[in-house]
Amino acid sequence: MSEKLQKVLARAGYGSRRELEALIKAGRVSVNGVVAKLGERLEDENANVRIDGHHVSTKTSEDVICRVLAYYKPEGELCTRHDPEGRRTVFDRLPKIRGSRWISVGRLDANTSGLLLFTTDGELANRLMHPSRQVEREYLVRVFGEVTEQKVKNLVKGVELEDGMARFEDVVYAGGEGMNHTFYVAINEGRNREVRRLWESQDTTVSRLKRVRYGDIYLDKKLPRGGWMELTLKEVNYLRELVELKPEKNTLIEQSKDNTSRKRERSRSQKIRRAVKRHEERVSTPKGRGGNQSKRKPGRSR
């Protein structure tokens, strides 16, 4: 075993390579009692590795089951692990796991909803996020303003933004009235606010943005906002093959389709919906009010 420390830790689920490189630079990672340096290679799989003084496992890739969640991010949630102001984050409602943690595959800004993937495999997350992989994302976008055929051609041909050229792979009209128009757009990058900035370059304003697809993984219509579902082994291996990683052999979810497994699936779906409802009721209850307020159901946002 001789791999870079950040790669070993990422694969074991302690963060993306970028996050772990930052921890190493900050002197928060040690190997056998010595503060690690960026670029250091781990020669001994039994080495005592610690992050912030806490011992962490450096399991080999064969010992780690790669898991992936599809999460329906609501508007208003932040793509950060902790927010100093106490605002909701995308990690708040994810299932708890031992010996690892969920790593988000990219980000969606606070005002964007839709499909967000999480995995326990930092190497998978790192490769999926890397610009060289060109994994296609699809969004449902509602814009306000005049949209001409020439503007659509500009968006497909390419527009110069402040951080370089950008373009949509495809733009499909989905209807609208007056100055409000809805489109499905596909893009191969995940730069900050790229979809919004592309439309703004054509003097239109995005009033709603929702990611509906990542590669060939679609946002399940049965999934409630704030809900999650674990991807099947076939779907996990599709993502791994996409970025040239070896296929996963194991999964923690039921694969058979007998009556028992269908009942379990319905039960799990109901549990997710109840968890989402409880979470919404908890965060929507004004602080400092009486017990009767906690029984009020939150209004549906549209």
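The values are calculated or read from the model by the stated rules, or taken from the named source; none is laboratory data. Being a predicted model, the structure only gives us computed values, none of them experimental. Glycine also receives a Cβ, built like all others from the backbone with ideal geometry; neighbour counts cover every protein chain displayed. We work out accessible area using only protein heavy atoms, side chains counted, and drop any ligands, DNA or RNA first. Shrake-Rupley method; radii C 1.70, N 1.55, O 1.52, S 1.80 Å.
Okay, here's what the table says:
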read-out: Residues of the range 7-32 that turn out to be under 11 Å from ILE51 (Cβ atoms), crowded, with 21+ Cβ neighbours inside 10 Å and not aliphatic (A, V, I, L, M), as a count; value: 2
read-out: Odd one out for TRP199 among (1) outside any helix (DSSP H, G or I); (2) more than 22 Å from GLY122 (Cα to Cα); (3) open to solvent by less than 50 Å² (accessible area, probe 1.4 Å); value: (1)
read-out: Tally of residues being among the aromatic types (Phe, Trp, Tyr) and open to solvent by less than 30 Å² (accessible area, probe 1.4 Å) across the range 212-230; value: 1
read-out: Where a residue in the range 138-166 is farther than 17 Å from ASN180 by Cα and outside any loop (DSSP other than H, G, I, E, B) and its partner, wherever it lies, is basic (Lys, Arg) and open to solvent by less than 40 Å² (accessible area, probe 1.4 Å), with Cβ under 6 Å and at least six apart; value: GLU138/ARG213; LEU161/ARG197
read-out: Which listed residue, of GLU40, GLU19, is in contact with a helix residue (DSSP H, G or I) (Cβ under 9 Å, 6 or more places away or on another chain) and modelled with pLDDT under 85; value: GLU19
read-out: Residue within the range 171-182 that is within 25 Å of GLY76 (Cβ to Cβ) and among the β-branched types (Val, Ile, Thr) present; value: yes
read-out: Positions within the range 144-180 being of a type outside the set (A, V, I, L, M), open to solvent by 70 Å² or more (accessible area, probe 1.4 Å) and closer than 14 Å to ARG197 by Cα, in sequence order; value: PHE144, GLU160, GLU162, ASP163, ARG167
read-out: Condition check for GLY15: in contact with a Lys or Arg (Cβ under 8 Å, 6 or more places away or on another chain), in contact (Cβ under 8 Å) with a residue 12 or more places away in the chain, part of a loop (DSSP other than H, G, I, E, B) and closer than 16 Å to TRP102 by Cα; value: yes
read-out: Odd one out for LEU209, checked against (1) open to solvent by less than 30 Å² (accessible area, probe 1.4 Å); (2) assigned to a helix (DSSP H, G or I); value: (2)
read-out: Residue in the range 51-63 that is under 29 Å from TYR214 (Cα atoms) and surrounded by 14 or more Cβ atoms within 10 Å (Cβ to Cβ) present; value: yes
read-out: Qualifying position, being acidic (Asp, Glu), in contact with a Leu (Cβ under 9 Å, 6 or more places away or on another chain) and more than 19 Å from ALA10 (Cα to Cα), among ASP121, ASP109, ASP92; value: ASP109
read-out: First in the range 231-254 and more than 21 Å from TYR218 (Cβ to Cβ) and open to solvent by 70 Å² or more (accessible area, probe 1.4 Å), second anywhere and at pLDDT below 95 and β-branched (Val, Ile, Thr), Cβ under 6 Å, 6 or more apart; value: ASN250/ILE65
